[in-house]
Amino acid sequence: MKKMPLLLLSGAALALAACQPGGVPGLGSSSSHENHSEAPGSSSEESESESDLTYDDEGNPVFENVELDFWSISIGSDGLIQQGIVDKFNEEYAGKIHVNRAERRHDEFSSAIVNTVINDPDEAPDIVQGHGERLRELQSQGIYLPLEEAIELSRIDFSREDFYANILDDLYLQDEGGNEHLYGFPLDVHSNVIIARKDIIEKNGFEVPTNFEEFIAVCQGLADLAYEGEYQYRPTAQTNPDLEWLTAPSGTALFPWFMSIEALDDALSYAITGPVQNGTKMVDERGLPAWNTQETIDYFEQLRTYMYPTDGKRPIIKTSASYDFISDFYKGNYIFCSTGPWNLQGYKTIFDSAIGLGDGGFDEGVAIIPLSNLFAMDETSPTASTIVGTSHAFSMTRTVESDVTKAACMVFADYMSRQYVDWIKGGHLPMRKAAMEDEALLSDSFYLEVGQYLGKQENFTLGGITEYYSEVYGLEMNQGLNEVWHQTFNTQTQGKSIADIVDEQYRNSISIIASYQ
């Protein structure tokens with residue numbers, strides 16, 4: 001089994017549990033995972049050894065050639081940016097602290113860190129950068145240390161009020177004694193965005209949409225123009241050196257809205273943010289799935305009609321198992337595509353180059369649309385602006401015993417959280433409130449051209465923190481809410497109602513959670 005047992009439930013307990021929406025038997029009170037052994041170095045364990053950390057005359061901790069092993073899930077373009085920041089840290093702290101950075105794929109990180117800390121602790125990293133929304137799931141295995149002691153040892157300036165509470169609060173977890181502790185030092189929050197061919201939208205007489213109604217209207221309007229032989233488009237200079245405007249022939253089938261049904265970030269956008277913006281709550285107070293609502297059903301039914309219309313309108317959605325959309329985006333075959341913001345630096349470079357859109361480049365040709373209000377059928381609802389995102393946070397493994405190492409970990413985490421001018425180029429919004437008042441960030445060219453369009457931090461949520469994250473969302477499984485999204489568009493499941501699909505996948509999630517014994 002992928003993970004250690006998380007829940008002990010008998011058949012009788014299931015039978016006596018209250019029913020969830022949709023009539024599915026629910027689960028009893030969530031256990032506190034009493035089956036895992038207490039983490040070495042936890043707050044309940046008294047240290048019998050004298051601290052190895054000393055302070056200078058000004059009260060600052062003294063570091064001498066401290067080596068920190070650091071695992072990061074930032075790979076690719078944002079990984080390169082992060083490595084540059086780590087290199088700068090190592091230069092500034094030369095002879096004091098040196099960080100050895102190693103990358104781990106996000107879909108392998110969870111199992112790798114749990115297995116290493118528990119089964120091969122000598123090879124475990126001191127500090128990791130993981131996803132904040134997965135923190136409770138991982139800490140159910142007892143692999144991390146609370147950070148308060150290390151923060152105090154490090155003498156860094158840390159205040160809960162300095163960070164956005166809607167994300168930071170989810171990084172505080174209860175230990176086995178019911179005491180709340182910080183287990184993740186906040187770095188950023190982010191989500192996919194929609195990139196749109198602004199030049200094509202405006203050339204055809206529309207405006208870049210800001211809400212669901214406008215979004216659908218633009219897609220349907222462009223599809224109609226293409227079929228009527230009036231759609232005007234402009235491929236990039238890569239295939240259209242003169243950047244001339246072309247007109248599609250009559251009868252052209254245009255699908256303006258592209259979705260990759262295998263991209264986890266697209267799933268986070270469409271399968272999760274969409275229902276939440278329409279009023280669905282992802283988990284209940286026990287951390288169990290709660291997305292089997294009428295709002296979820298209505299949302300996916302609406303999406304289905306845009307790929308399989310029954311009212312005579314033209315289909316506007318194209319789905320693919322591939323994430324390779326950029327070539328068709330360049331050509332004008334797709335108008336709206338979801339992408340990770342860490343890709344925007346690369347796309348901007350291409351659109352600003354000789355194979356892009358000439359002098360206007362990225363600014364003229366592309367609009368960046370944050371997800372707020374984009375899928376809410378009622379944009380006046382209190383949840384319409386919500387973006388279900390993901391965050392990066394630093395956690396310290398339970399293998400760290402030295403006070404010097406603990407303090408060094410927090411010095412490093414604090415340093416990284418303050419490099420937001422560089423880090424936003426990876427597409428990540430800073431968690432420090434002061435960043436949004438810092439002229440160095442607000443006047444930065446990348447922030448002005450890209451960063452300010454990534455969304456507002458206060459609109460983000462991690463969706464619902466739960467130790468059953470994988471089972472609730474199903475992002476790395478063929479089940480759960482992710483599978484509802486898949487089956488909404490799958491040609492083989494068009495005979496099934498959305499209500500039946502939601503009910504079936506909800507039951508699957510509950511069954512998997514209940515199987516942990």
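The values are calculated or read from the model by the stated rules, or taken from the named source; none is laboratory data. Because the structure is a prediction, the values reported are computed rather than measured. Don't worry about glycine lacking a Cβ; one is built from the backbone with ideal geometry, like all the others, and counts go over all protein chains shown. Ligands, DNA and RNA are stripped out before the accessible areas are found, and what is left, the full protein with its side chains, is counted by its heavy atoms. Shrake-Rupley method; radii C 1.70, N 1.55, O 1.52, S 1.80 Å.
Residues in region 404-452 that are outside any loop (DSSP other than H, G, I, E, B) and among the β-branched types (Val, Ile, Thr): Val404, Thr405, Val411, Val421, Ile424. Of all residues in region 162-181, those satisfying the criterion of being open to solvent by less than 50 Å² (accessible area, probe 1.4 Å) and over 16 Å from Arg432 (Cα atoms) are Tyr172, Leu173, Asp175, Gly178, His181.
Within region 426-441, is there a residue that is closer than 30 Å to Ala321 by Cβ and at pLDDT below 95? Yes, because at least one residue in region 426-441 is closer than 30 Å to Ala321 by Cβ and at pLDDT below 95.
Quick check on Glu137: is it in a helix (DSSP H, G or I), in contact (Cβ under 8 Å) with a residue 40 or more places away in the chain and open to solvent by less than 20 Å² (accessible area, probe 1.4 Å)? For Glu137, the condition - in a helix (DSSP H, G or I), in contact (Cβ under 8 Å) with a residue 40 or more places away in the chain and open to solvent by less than 20 Å² (accessible area, probe 1.4 Å) - is met. Put simply, of Ala165, Ala150, Ala112 the only residue that is under 21 Å from the mean Cα position of the chain (by Cα), among the aliphatic types (A, V, I, L, M) and over 28 Å from Lys456 (Cβ atoms) is Ala112. Please verify whether region 443-453 includes one or more residues that are open to solvent by 20 Å² or more (accessible area, probe 1.4 Å) and among the β-branched types (Val, Ile, Thr). Within region 443-453 (the criterion being open to solvent by 20 Å² or more (accessible area, probe 1.4 Å) and among the β-branched types (Val, Ile, Thr)), the answer is no, since none of the residues qualifies. When we screen Met410, Met436 for residues that are in contact with a Leu (Cβ under 9 Å, 6 or more places away or on another chain), open to solvent by less than 30 Å² (accessible area, probe 1.4 Å) and farther than 28 Å from Phe336 by Cα, the only hit is Met410. Here Asp78 meets the list (1) closer than 13 Å to His392 by Cβ; (2) of a type outside the set (Ser, Thr, Tyr); (3) in a helix (DSSP H, G or I); (4) modelled with pLDDT of 95 or more almost entirely, failing just condition (4).
Of the residues making up region 76-115, not one is open to solvent by 60 Å² or more (accessible area, probe 1.4 Å) and of a type in the set (Val, Ile, Thr). Selection of region 351-403 for residues being buried (at least 17 other Cβ atoms within 10 Å of the Cβ), assigned to a loop (DSSP other than H, G, I, E, B) and hydrophobic (A, V, I, L, M, F, W, C) yields Leu357, Leu371, Leu374, Phe375, Ala376, Met377, Ala384, Val400.
All of (1) closer than 30 Å to Val502 by Cβ; (2) at pLDDT 90 or above; (3) surrounded by fewer than 20 Cβ atoms within 10 Å (Cβ to Cβ) hold for Tyr299 with one exception: (3). Leu222 satisfies every condition listed in (1) closer than 30 Å to Ala407 by Cα; (2) assigned to a helix (DSSP H, G or I); (3) not basic (Lys, Arg) except (1). The set of residues from region 460-517 being within 17 Å of the chain's Cα centre (by Cα), part of a loop (DSSP other than H, G, I, E, B) and not aliphatic (A, V, I, L, M) comprises Gly463, Gly464, Thr466, Glu467, Tyr468, Gly474, Glu476.
Looking only at region 61-72, decide whether some residue is part of a strand (DSSP E or B), touching a residue at least 12 places away in the same chain (Cβ under 8 Å), open to solvent by less than 70 Å² (accessible area, probe 1.4 Å) and over 24 Å from Pro121 (Cβ atoms). Within region 61-72, one or more residues are part of a strand (DSSP E or B), touching a residue at least 12 places away in the same chain (Cβ under 8 Å), open to solvent by less than 70 Å² (accessible area, probe 1.4 Å) and over 24 Å from Pro121 (Cβ atoms). Of the residues that make up region 210-230, is at least one crowded, with 23+ Cβ neighbours inside 10 Å and hydroxyl-bearing (Ser, Thr, Tyr)? Within region 210-230 (the criterion being crowded, with 23+ Cβ neighbours inside 10 Å and hydroxyl-bearing (Ser, Thr, Tyr)), the answer is no, since none of the residues qualifies. Any chance region 116-131 includes a residue that's in contact with a Gly (Cβ under 8 Å, 6 or more places away or on another chain), crowded, with 19+ Cβ neighbours inside 10 Å and touching a residue at least 12 places away in the same chain (Cβ under 8 Å)? Scanning region 116-131, I find at least one residue that is in contact with a Gly (Cβ under 8 Å, 6 or more places away or on another chain), crowded, with 19+ Cβ neighbours inside 10 Å and touching a residue at least 12 places away in the same chain (Cβ under 8 Å), so the answer is yes.
Among the residues of region 261-289, those that are part of a loop (DSSP other than H, G, I, E, B), farther than 16 Å from Ile498 by Cβ and open to solvent by less than 20 Å² (accessible area, probe 1.4 Å) comprise Ala263, Met282, Gly287, Leu288. Whether a residue is open to solvent by 10 Å² or more (accessible area, probe 1.4 Å), under 30 Å from Pro249 (Cβ atoms) and in a helix (DSSP H, G or I) was assessed, and Arg304 passes this test. One residue stands out among those in region 335-349 that are open to solvent by 30 Å² or more (accessible area, probe 1.4 Å) and not β-branched (Val, Ile, Thr): the one that is nearest to Trp245 (Cα to Cα), which is Tyr347.
If you scan region 182-205, which residues turn out to be open to solvent by 10 Å² or more (accessible area, probe 1.4 Å), assigned to a loop (DSSP other than H, G, I, E, B) and closer than 25 Å to Pro341 by Cα? Of everything in region 182-205, nothing turns out to be open to solvent by 10 Å² or more (accessible area, probe 1.4 Å), assigned to a loop (DSSP other than H, G, I, E, B) and closer than 25 Å to Pro341 by Cα. Candidates Leu246, Leu254, Leu268: the one that is touching a helix residue (DSSP H, G or I) at 6+ places or on another chain (Cβ under 8 Å) and among the hydrophobic types (A, V, I, L, M, F, W, C) is Leu254.
Could you tell me whether Thr239 is hydroxyl-bearing (Ser, Thr, Tyr), at pLDDT below 95 and over 18 Å from Ala367 (Cβ atoms)? Answer is yes for this residue. If you go through region 93-109 and keep only what is in contact with a strand residue (DSSP E or B) (Cβ under 9 Å, 6 or more places away or on another chain), assigned to a loop (DSSP other than H, G, I, E, B) and of a type in the set (D, E, K, R), you end up with Lys96, Arg104. Inspection of region 64-77 identifies at least one residue that is closer than 17 Å to Lys406 by Cα and aliphatic (A, V, I, L, M). A residue that is open to solvent by 50 Å² or more (accessible area, probe 1.4 Å), more than 27 Å from Leu246 (Cβ to Cβ), touching a residue at least 60 places away in the same chain (Cβ under 8 Å) and part of a loop (DSSP other than H, G, I, E, B) can be found somewhere in region 315-324.
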